[in-house]
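Novice: Sending over a structure as structure tokens; questions will come in a sec.
The values are calculated or read from the model by the stated rules, or taken from the named source; none is laboratory data. Here the structure is a predicted model, which is why all the values come from computation and not from measurement. Neighbour counts run over all protein chains shown; Cβ positions are idealised from the backbone, glycine included. Note: areas computed on protein heavy atoms with side chains; ligands, DNA, RNA excluded. Shrake-Rupley method; radii C 1.70, N 1.55, O 1.52, S 1.80 Å.
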Amino acid sequence: MVAVARYTRTAMVLHWLVAVLIVVNVLLGLFADDVPDSLVRRAIDTHKSIGITVLGLALLRLLWRLAHRPPPLPASYARPERGLAHGAHIALYALIFALPISGWIHDSAYKNAAATPLLLFGVIPWPRLGWIMAMPPAEKAALHSQWFAIHVWLGYALYALVALHVLGALKHQLFDRDKALARMLPGV
Ligand code: HEM
């Protein structure tokens, strides 16, 4: 049997933790306004809290990645596939930073931000971006809607890249049979 080169346990834990939190956060972002009125505020605040948590985990992931070489891709991967896989991985790294940062900028430009402090999971105070809060109201309102549009479009880019990433992994697992999933699945 051919041995499969695998990621470290830390890389696996960070990968799946970020993946699960992002799925939950996309659902909260898309459906927060559809929950009963009494829960809307809590759903949006939880979305913000999970988003900031993802930003922290993304930083840890990047530091871990810079300090550890990932296992080489299996020899069966064709050259264009290697390029596509690397490109998708770099773009996914960029998005796990860009999505929370764009949300944070959007939220900092909220007109009542000063009167409604951001508490992560209702407990940990988290700062808004002071230079945005200090802007004149009209500029802040424009920034608030521009950065929401950017947040939404980054979400669309995320859906497309996650689909490519998952389909690529499944193609290798099911059709090429090169055990792609075992590289990132703990215990397999
Ligand atoms: C993992 C990080 C994040 C992801 C994947 C994410 C994703 C999304 C998505 C998909 C939406 C719905 C967009 C649409 O209507 O198409 C959304 C809405 C929103 N996001 Fe994020 N977001 C993240 C982080 C953040 C952060 C850190 C903040 C603020 C601190 C934030 C603030 C918001 C707000 C205020 C909304 C509008 C919610 C509503 O009014 O219904 N997001 N987000």
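Novice: Where is the GNM fluctuation largest for the chain (alpha-carbon springs, 10 angstrom cutoff): ALA109, ALA91, ALA138?
Specialist: Of the options given, ALA138 has the highest mean-square fluctuation.
Novice: Send over a whole-number figure in Å² for the accessible area per residue of the stretch 9-183, probe 1.4 Å.
Specialist: Working: 10810 Å² over 175 residues.
Ligands and nucleic acids excluded, the figure is 62 Å² per residue.
Novice: What's the center-to-center distance, using Cα atoms, between the stretch 65-129 and the stretch 1-40 in Å?
Specialist: 12
Novice: Summing -39500 (n - 2.57) over the DSSP H runs of n ≥ 4 in the chain and dividing by its residue number, what mean residue ellipticity at 222 nm do you reach, to the nearest 500 deg cm²/dmol?
Specialist: -23000 deg cm²/dmol
Novice: In whole Hz and in residue order, list the ³J(HN,Hα) couplings for the stretch 131-147 that follow from phi through the Karplus curve 6.51 cos²θ - 1.76 cosθ + 1.60, θ = phi - 60°; x for Gly and Pro.
Specialist: The phi angles translate into 5, 7, 4, 7, 6, x, x, 5, 5, 5, 5, 5, 4, 4, 7, 4, 6 Hz.
Novice: Related question: Would you mind telling me the share, in percent, of accessible area of the stretch 9-183 contributed by carbon and sulfur at probe 1.4 angstrom?
Specialist: C and S atoms contribute 73 percent here.
Novice: Just flag the trypsin sites (Lys or Arg not before Pro) in the stretch 117-188 sitting in loop per DSSP whose Cβ has no more than 13 other Cβ atoms within 10 Å.
Specialist: Listed in order of number, the matching sites are ARG177.
Novice: Over every pair of different alpha-carbon atoms in the chain, take the mean of 1/r and invert it; report that Kirkwood radius in Å.
Specialist: 18.5
Novice: Determine ³J(HN,Hα), in whole Hz, for all residues of the stretch 21-37 in sequence, where each value follows from phi through the Karplus function 6.51 cos²θ - 1.76 cosθ + 1.60 and θ = phi - 60°; x replaces Gly and Pro.
Specialist: Listing the rounded values in order: 4, 5, 4, 4, 6, 5, 4, 5, x, 6, 10, 4, 7, 9, 7, x, 3 Hz.
Novice: What aspartates and glutamates does LYS171 reach when the alpha-carbon gap must be under 12 Å and sequence neighbours fewer than 8 apart in one chain are set aside?
Specialist: GLU81
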